[in-house]
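One structure is given below, encoded as C-alpha cells.
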Amino acid sequence: MNYPEDFPERLKNPVESAIAEADSQFHEVLSDVDAAPKVGFEGLVFRFVKKVLFTFAEQAREAVKQEAWTLERCRQGVDEYLHNLIVDAYREKNPSGNDDWLGFFEEWATEKIYASNEWRKHLKGIKALANAISAEAQPPSPPRSRRNTGLDLAGTHKAFVEPRLEAKNGETIANRAPSGTPRSRKRTKINELSGYAARSHAGLTHTKSESVRVHGKKAEPVQETVGQTIATQAPPTANSVMDRRAAVDAYIDEVFKKTGKRITRTDIWKAARYKSRTEFERWERKDPKHPNKTAHQHFTRILSDKPHLK
C-alpha cells in the first residue's frame with residue numbers, strides 16, 4: 001500500500017504488521033465456503049481496509065506527537081491514505097479485475113468509515129492533541145503588580161477593608177486612621193475612595209487609562225485581569241480543517257439526538273445540491289490546491305440553517 005511521501009519510515013512497521021494480519025484474515029474467510037457468501041466480497045475488502053486504516057491513523061497521530069507531522073498534515077495524510085487504500089485493496093483483491101463498481105464501493109466504504117466508532121475515536125485523539133499543543137503554546141499570565149495599589153494577590157484591599165465612612169462637606173473621613181498616618185491623610189474625595197473600595201471588594205482592576213489615589217498618593221494603574229483580557233479577544237474563526245470537521249460531526253450528532261435519524265456526509269453535500277462528494281471533501285480538508293468560495297458558502301449555510309432538523 002502506498003504511504004504519503006513524507007510519512008516517517010520508523011512508523012511504518014506497525015502498519016505493515018496490520019496489513020499482513022488483515023490479509024491473512026481476508027484469505028481465511030474467503031476460503032470458508034460457509035462464511036464467505038454471508039460476508040460478500042465487498043464486506044471482506046471493507047474489513048481489510050478498516051483494520052489497516054485505523055492502524056495507520058494511530059501512527060499518524062504518533063507522528064504529530066513526535067513533531068514529524070502537523071495536525072493539519074495528519075488529517076490530510078489519513079484522508080489521502082484512505083482513498084489510496086480503498087482503491088489498491090479493491091483492485092488487488094478483486095478476482096475479476098473489473099473496476100466498474102470501484103466508484104460505488106469507495107463511496108460506500110468511505111461513508112461507513114466516517115460513521116464508525118473507530119473514526120470518532122480517531123477524531124477525539126486529534127482533538128486531544130490539539131488541546132495539548134495549545135496548552136504548551138499558551139504563554140503564562142503576567143503577575144499582577146502590587147505597587148501602591150493596596151491589593152494582595154487575591155484582590156483583597158488592605159488599606160481599608162470594610163471602612164466606615166462619614167460624609168462631611170462633600171469629603172470622606174475614615175473613623176480610624178492607619179498607624180503612623182497624619183490626620184490630614186484621612187481626607188480624600190468621597191467618589192474616589194468609595195469607587196476604589198467597591199472595585200477592590202469586587203475583585204476588579206483598573207485599565208491602563210485609570211488612576212486612583214490611596215491616602216493622597218497617586219497609585220500605579222493595574223493590568224487587566226486574565227478574565228477581562230479573554231473577554232475582549234475576538235472569537236476564533238471556524239475556518240480551519242479541524243473546525244470544519246468538528247462542525248460536520250457536531251451537526252450529524254445533533255440531527256441524531258433530536259430526530260433519531262443517522263445522517264452521513266453524503267446527505268450534507270446532497271442537501272447542498274452537489275452530485276458528487278468531491279467539492280465537499282475538498283472543502284472539509286481545506287484543500288489549498290482547490291479553493292472554492294461558492295462551496296464554502298453552500299456548506300456553511302447547510303451547517304447554519306440545519307435543513308435536516310426541519
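The values are calculated or read from the model by the stated rules, or taken from the named source; none is laboratory data. A quick note: this is a predicted structure, and the numbers were derived from the prediction, not measured. Note that each Cβ is placed from the backbone with ideal geometry, even for glycine, and that neighbours are counted across all protein chains shown.
Inside the stretch 95-118, can you point out the residues that are without any contact (Cβ under 8 Å) to a residue 60 or more places away in the chain, in a helix (DSSP H, G or I) and either exposed (fewer than 10 other Cβ atoms within 10 Å of the Cβ) or hydrophobic (A, V, I, L, M, F, W, C) (or both)?
LEU102, PHE104, ASN117
Restricted to the stretch 61-94, and to residues that are hydroxyl-bearing (Ser, Thr, Tyr) and free of Cβ contacts under 8 Å to residues at least 60 places away in the same chain, which residue is farthest from LEU123 (Cα to Cα)? Let's see the steps before the verdict.
First, the residues of the stretch 61-94 that are hydroxyl-bearing (Ser, Thr, Tyr): 70, 81, 90.
Next, only the ones that are free of Cβ contacts under 8 Å to residues at least 60 places away in the same chain stay: 70, 90.
Working: THR70: 15, TYR90: 26 Å.
Within the stretch 61-94, the match that is farthest from LEU123 (Cα to Cα) is TYR90.
Just the residues that are free of Cβ contacts under 8 Å to residues at least 12 places away in the same chain and closer than 24 Å to LYS121 by Cβ, please, taken from the stretch 40-58. Even if it seems obvious, please write down each step before you answer.
Of the stretch 40-58, the ones free of Cβ contacts under 8 Å to residues at least 12 places away in the same chain are 40, 43.
If the condition is that a residue be free of Cβ contacts under 8 Å to residues at least 12 places away in the same chain and closer than 24 Å to LYS121 by Cβ, then GLY43 is the only one that fits.
Condition first: among the charged types (D, E, K, R), in a helix (DSSP H, G or I) and surrounded by 14 or more Cβ atoms within 10 Å (Cβ to Cβ). Now tell me which residues in the stretch 255-286 satisfy that.
Passing the criteria: ARG265, ASP267, LYS270, GLU279, GLU281, ARG282, GLU284.
Checking the structure you have, find out if any residue of the stretch 51-61 is more than 34 Å from the chain's Cα centre (by Cα) and either assigned by TED's automatic domain parsing to the domain that holds SER276 or assigned to a helix (DSSP H, G or I) (or both).
Kept after step one, since they are more than 34 Å from the chain's Cα centre (by Cα), are these residues of the stretch 51-61: none.
No, because not a single residue in the stretch 51-61 is more than 34 Å from the chain's Cα centre (by Cα) and either assigned by TED's automatic domain parsing to the domain that holds SER276 or assigned to a helix (DSSP H, G or I) (or both).
Of everything in the stretch 120-138, what is under 18 Å from ALA63 (Cβ atoms) and among the hydrophobic types (A, V, I, L, M, F, W, C)? Give them in sequence order.
Passing the criteria: LEU123, ILE126, ALA128, LEU129, ALA130, ALA132, ILE133.
I need every pair where a residue in the stretch 264-282 that is within 13 Å of LEU303 (Cα to Cα) has its Cβ under 8 Å from the Cβ of a residue that is of a type in the set (Lys, Arg), sequence separation at least 6 or different chains.
ARG265/ARG277; TRP269/ARG277; ALA272/ARG301; PHE280/ARG265
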